[in-house]
Amino acid sequence: MMCQNCGQHAATTHIKTVINGQLTEAHLCSQCAKKQGYGNVLGDLGGFGSLLGGLLTGTEAPGGEKRCPGCGASFRQIKSSGKIGCSQCYSTFRSQLIPVIERIHGTVQHKGKVPGSSALMVQDKNVQLVKQKPLSELDRKKQEMKAAIERQDFEQAAVLRDQIKELESHE
C-alpha cells in the first residue's frame with residue numbers, strides 16, 4: 001500500500017482516529033508520518049516492554065517473591081521486561097495485574113466486537129460463552145432479499161419478497 005499523503009513510498013504507519021464516532025484511517029510512509037507528528041512512539045519510549053514496565057511500577061506486593069507455577073516468572077521479572085510469561089501468570093499475579101490492565105484499557109471487562117454468533121464475556125474469574133439468538137426465518141429472508149438487491153438479482157429478490165409477505169401474513 002502506498003502512502004496516502006505523498007503517494008511515492010510504501011505506507012509503514014497506519015493511523016486510526018475516531019472523532020465524534022466517525023472512524024478515519026490514514027496510511028503514511030515514515031517521512032510523512034514524522035512530518036505530521038506521528039513518530040515511532042514505542043521506539044521513542046524504549047519499546048513496548050519498557051512502556052508496560054513503566055506502568056507496572058509501584059504494583060509489586062510487599063512480602064516474599066511469588067513465582068508463577070507455569071513458567072516460573074516472578075512479578076519483578078514481568079515488571080522489568082513488560083512481558084507476561086504465560087497464561088497462568090494472569091491468575092497467579094491477578095491482584096497485581098488488574099490495576100495495571102485497568103489503567104491501560106480503562107476497564108478489566110472486555111467490550112469488543114461480537115464475533116459471528118457468539119461473544120466471549122469475561123466477568124471476574126468466570127469466562128462464559130454467550131450465544132446470540134439465531135435469526136428467524138423472516139429475518140434471514142429479509143437479509144437474503146437485501147443481498148439479492150445489492151447484487152442486482154431482481155428476480156430472486158422478487159421471489160424472496162413474496163416469501164416474506166407470506167411469512168408476515170402468518171404472524
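Every number in this text was worked out from the coordinates using simple rules, so none of it is lab data. All of these numbers come straight from a predicted model, not from anything done at the bench. For neighbour counting, all protein chains shown are included, and Cβ atoms are generated from backbone atoms with ideal geometry for every residue, glycine included.
Structure values in brief
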item: Simple spin-label estimate for Val108 and Leu138 in nanometres, 7 Å along Cα-Cβ; result: 4.4 nm
item: Residue-span extension gain [Ser81 to Gln152] - 0.36 nm each, minus C-alpha spacing; result: 20.0 nm
item: Gain on full stretching of the segment that runs from Glu25 to Met1 - 0.36 nm per residue minus C-alpha separation; result: 7.3 nm
item: 5 angstrom amide H check on Thr12, placed H, neighbours 5+ away; result: Leu28, Cys29, Ser30
